Every structure is written in structure tokens, then in C-alpha cells.
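Novice: I have a structure here, written as C-alpha cells, and I will follow up with some questions on it.
The values are calculated or read from the model by the stated rules, or taken from the named source; none is laboratory data. In this text the structure is predicted, and so the values were computed from the model without any measurement. Every residue, glycine among them, receives a Cβ derived from its backbone with ideal geometry; neighbour counts consider all protein chains shown.
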Amino acid sequence: MERKILVIQGHPDASTQHLCHQIGAAYSDGARDAGHDVRELDIGRLEFSILRSTADWQDGTPSPAIREAQDAIRRAQHLVLIYPLWLGAPPALLKGFLEQVFRPGFASPDSPKKGKSRFPHPLRGKSVRIVITMGMPSWFYRLHFGAHSLRSLKRNILGFLGAGPIRTSLVGMVEAMPEQRRERLLTQMRHLGERAR
């Protein structure tokens, strides 16, 4: 069954091709080959500011790029979020993007001044695949660090806003990755894209 898929590339450096970009391309290629409707969004190419105040978050006007991203998320049935782990968490630009996108009027109560209180769940009915690349072994991130940033993203943002199921792929030791392992990884991502998983 055809699904509407949005692949969000969370690597902040769009000036060159990183493993995250290769993963996104492999997933998108597999999904398109299987007949899914795929859109891609590269946050490294978007223009938006970082939120610096509650007033800006509640009452500020999102940039055109953020409004387009919100529309793409509304349209999608399945989201794929790909990013590198930096200092144990998503890169700051990705965090800033999420703060801009999931703001009042889209994913949280509007400002009380606007007289609305119903909490929207813009991700209800949408499945998610999170793919995180990292320099450490993925088992070490899970066991030693408790995958704390991943758990927060799943529970406090995506799950809180209604997404599910939320599946994950952790890719460790990326700096020392042999070519054969890279090819296996990209093949796996193509297969996940085919199944929209």
C-alpha cells in the first residue's frame, strides 16, 4: 500500500555528503522504487532563526521554511528522521528546527491570549523511523548512556505529540566503518524504505 513519506535529513552540514545523507538517499530510493510518495527535507538548507524567548515561541511568526515543513509533516503518514549524535544529543540546528516546527498553533496549545486551550496532536496516526549515526558503538550508547537523548525524543516529543509506532536504527562506529559494512547498511535502509518502516 502506498504511503506518504517525509524523510527529514537532520545533519546540519549540507555542504558535503555525509553518511546521514547516504542513508537518507538509500531510504528514499527504496521507498520510491516500491511506489511510495516520498518528500525530502534537509534542515541544513533551510532558513530559520533560533528561538530565544517564550514570547517568540508563543506569538512569533514562523518563517516560510518552517511553515512549509509543518505542511509537509501534516501531509505525511510516515516520518523518517536521520541525524548524527553530537555530544550525546541531536545537533543544535535539528533541536532548533524541532522547537520552531512544534510550536503553538501546530503542536502545542495556543497562547492563552488567543483563547484556545485544546492540545493538538499533529503526529497522531503517523509512524516514525529514527536513524542515528554515532562514533561510539551503538551498544555503548544504549547501555552506558541509556540512550537518554533518543528516549527523550521518542517520549517527550514524538510520542507526546501522538506518533506511533516509533522505530529506531542506531549506527555506531561510523568513522571506522568498512566499505562492506556501509553497503550492508545502505541496503538495509533501502529495504526499510520499500516497506515504509
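Novice: What is the residue count in the range 50-65 for residues that are of a type outside the set (Lys, Arg) and outside any helix (DSSP H, G or I)?
Specialist: Total satisfying the criteria: 7.
Novice: Go through (1) assigned to a helix (DSSP H, G or I); (2) out of contact with any helix residue (DSSP H, G or I) (no Cβ under 7 Å at 6 or more places or on another chain) one by one and return the number of the condition Arg124 breaks.
Specialist: (1)
Novice: May I ask you to say which residue of Glu68, Glu40, Glu47 is of a type in the set (D, E, K, R) and part of a helix (DSSP H, G or I)?
Specialist: Step by step, each of Glu68, Glu40, Glu47 is checked, and only Glu68 is of a type in the set (D, E, K, R) and part of a helix (DSSP H, G or I).
Novice: Pick from the range 125-158 the residues that are small (Gly, Ala, Ser) and more than 23 Å from Met189 (Cβ to Cβ): which of them is surrounded by the most Cβ atoms within 10 Å (Cβ to Cβ)?
Specialist: That would be Ser152.
Novice: Taking only the range 37-64 into account, find how many residues are touching a strand residue (DSSP E or B) at 6+ places or on another chain (Cβ under 9 Å), surrounded by 15 or more Cβ atoms within 10 Å (Cβ to Cβ) and closer than 18 Å to Gly10 by Cβ.
Specialist: The total comes to 6.
Novice: Can you tell me which residue within the range 3-36, out of those that are charged (D, E, K, R) and in contact with a strand residue (DSSP E or B) (Cβ under 6 Å, 6 or more places away or on another chain), is surrounded by the most Cβ atoms within 10 Å (Cβ to Cβ)?
Specialist: It comes out as Arg3.
Novice: Turning to a different aspect of this structure: Taking the range 165-180, which residues are modelled with pLDDT under 95 and surrounded by 14 or more Cβ atoms within 10 Å (Cβ to Cβ)?
Specialist: The answer is Met177, and nothing else.
Novice: With the requirement that a residue be of a type in the set (A, V, I, L, M) and within 23 Å of Gly35 (Cβ to Cβ), what does the range 138-197 give you?
Specialist: Answer for the range 138-197, where residues must be of a type in the set (A, V, I, L, M) and within 23 Å of Gly35 (Cβ to Cβ): Leu186, Met189, Leu192, Ala196.
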